[in-house]
Amino acid sequence: MNRQEFLTKFGISMAAVCAGCGIASCGSSPKDDPTPSDNDNNNPPNGSLLSADLNSELKSTGDFKVASGIIIVRLATGNTADAFTAVQVACTHQGTAVNYNNAQGKFICPNHGSQFSTTGAVLLGPATTALKKYTVTVNGNTLNVTA
Ligand code: FES
């Protein structure tokens, strides 16, 4: 093999390698690697703190607030911790945001109908895992939720 043949052969080989790199790069776009956002309800952040001003929020039984992947519901009158519940809003089946049904006193997923108690326990599938329950504390008119 002379030099010309070697370079030609090497050049073809490099082109083939570079083409392989190009294909690999094309397969990886920013869409393939999403960055979690504050609106990502599938992963409620551990240790997060969520507050509510009870002078203006959650005033009536059945009122609820959704933020940071958590749903807080007023279950009873009075500004004490046991008058509220806070659970992850994302259904443990496929992540759809659950709703609170005040008449039935439970969380219901609008996607496939899973139902959860006010403590997050599964009442009806297809979900098989409980909703994460958060700790609620009330100090005066300020409600705090901690992981
Ligand atoms: S996503 Fe909730 S029941 Fe399927």
How long is the gain from Glu57 to Leu123 if the chain were fully straight, where each residue apart is worth 0.36 nm and the alpha carbon distance is subtracted?
21.0 nm
Largest-first ordering by accessible area, 1.4 Å probe, given options Leu58, Leu75:
Leu75, Leu58
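Sorted by accessible area with a 1.4 angstrom probe, largest first, how do Lys132, Lys106 fall?
Lys132, Lys106
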Once ligands and nucleic acids are excluded and a 1.4 Å probe is used, how much of Asp82 is accessible, expressed in Å² to the nearest 10?
130
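The values are calculated or read from the model by the stated rules, or taken from the named source; none is laboratory data. Note that this is a predicted model, so its numbers are computed, not measured. For accessibility, only protein heavy atoms count, side chains too; no ligands or nucleic acids. Shrake-Rupley method; radii C 1.70, N 1.55, O 1.52, S 1.80 Å.
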